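The block underneath contains the structure these notes are about, expressed in structure tokens.
The values are calculated or read from the model by the stated rules, or taken from the named source; none is laboratory data. Here the structure is a predicted model, which means the values were calculated and not measured. In this analysis, Cβ positions are derived from the backbone assuming ideal geometry, glycine residues included, and neighbour counts consider all displayed protein chains.
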Amino acid sequence: MIIGNGDIGKILRDRKGALFFASGVSNSQSDNKDDFRRERSLLLEQPKDLCLFYFSSISIFCKDSPYTRHKRKMEQIIKSNWNNYNIIRLGNISWGSNPNTFINFIRTKKKNGEPFELLDEYRYTLNKDELRLLTDNLPLKGQHEVCIFSRMAKVKDLI
């Protein structure tokens, strides 16, 4: 079962016994409590007898923001409510149409000739084949937390 039809949800392959929860807050700059409540409520409505695949963020380790605090809370809810889960912490996805992802934000700014601040920092990017390979092969039994760093690149090199 796949919950969500955004950039991540669209590329997943359904698996018997798995619940892919790809319907979360996708804007890491968000501080909208209603969006956070919506994701929490939707998650808690899901069947607890399936193996839950939840897409979190590797930024929970390096940032303190409303978004990262929300993601950490969601992970705790999963650990308290599901016997079988895969928490998958992602970097930046390199595909899709969501204007709030880092890559698409930069693409849009460049396309429109708009200025943006180019930070001297690294980002981790992941392509859809890498994510699909992972989700197709993670176990359906047990409690697993996986951090996907994939390709590390300087922001200037991604542009």
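Numbers for the structure displayed
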{"item": "Top-ranked residue of region 1-17 - restricted to ones that are touching a strand residue (DSSP E or B) at 6+ places or on another chain (Cβ under 8 Å) and part of a loop (DSSP other than H, G, I, E, B), ranked as farthest from Trp82 (Cα to Cα)", "result": "Asp7"}
{"item": "Residue list for region 1-31, restricted to those being closer than 21 Å to Pro47 by Cα and among the hydroxyl-bearing types (Ser, Thr, Tyr)", "result": "Ser23"}
{"item": "Among (1) under 19 Å from Glu130 (Cβ atoms); (2) in contact (Cβ under 8 Å) with a residue 60 or more places away in the chain - the single one Ser56 does not satisfy", "result": "(2)"}
{"item": "Flag for Phe20 being crowded, with 19+ Cβ neighbours inside 10 Å and assigned to a strand (DSSP E or B)", "result": "yes"}
{"item": "Odd one out for Ala22 among (1) closer than 25 Å to Phe105 by Cβ; (2) in contact with a Pro (Cβ under 8 Å, 6 or more places away or on another chain)", "result": "(2)"}
{"item": "Residue in region 102-109 that is under 22 Å from Ala22 (Cα atoms) and in contact with a helix residue (DSSP H, G or I) (Cβ under 8 Å, 6 or more places away or on another chain) present", "result": "yes"}
{"item": "Any chance Lys16 is more than 19 Å from Ser97 (Cα to Cα), out of contact with any helix residue (DSSP H, G or I) (no Cβ under 8 Å at 6 or more places or on another chain) and of a type outside the set (S, T, N, Q)", "result": "yes"}
{"item": "Criterion violated by Glu45 - all others in (1) at pLDDT 95 or above; (2) surrounded by fewer than 20 Cβ atoms within 10 Å (Cβ to Cβ); (3) under 11 Å from the mean Cα position of the chain (by Cα) satisfied", "result": "(3)"}
{"item": "Filter result (out of contact with any strand residue (DSSP E or B) (no Cβ under 6 Å at 6 or more places or on another chain), free of Cβ contacts under 8 Å to residues at least 40 places away in the same chain and either over 30 Å from Asn83 (Cα atoms) or exposed (fewer than 14 other Cβ atoms within 10 Å of the Cβ) (or both)) within region 128-153", "result": "Asp129, Leu133, Asn137, Ala153"}
{"item": "Positions within region 23-38 being in a helix (DSSP H, G or I) and surrounded by fewer than 18 Cβ atoms within 10 Å (Cβ to Cβ), in sequence order", "result": "Lys33, Asp34, Asp35, Arg37, Arg38"}
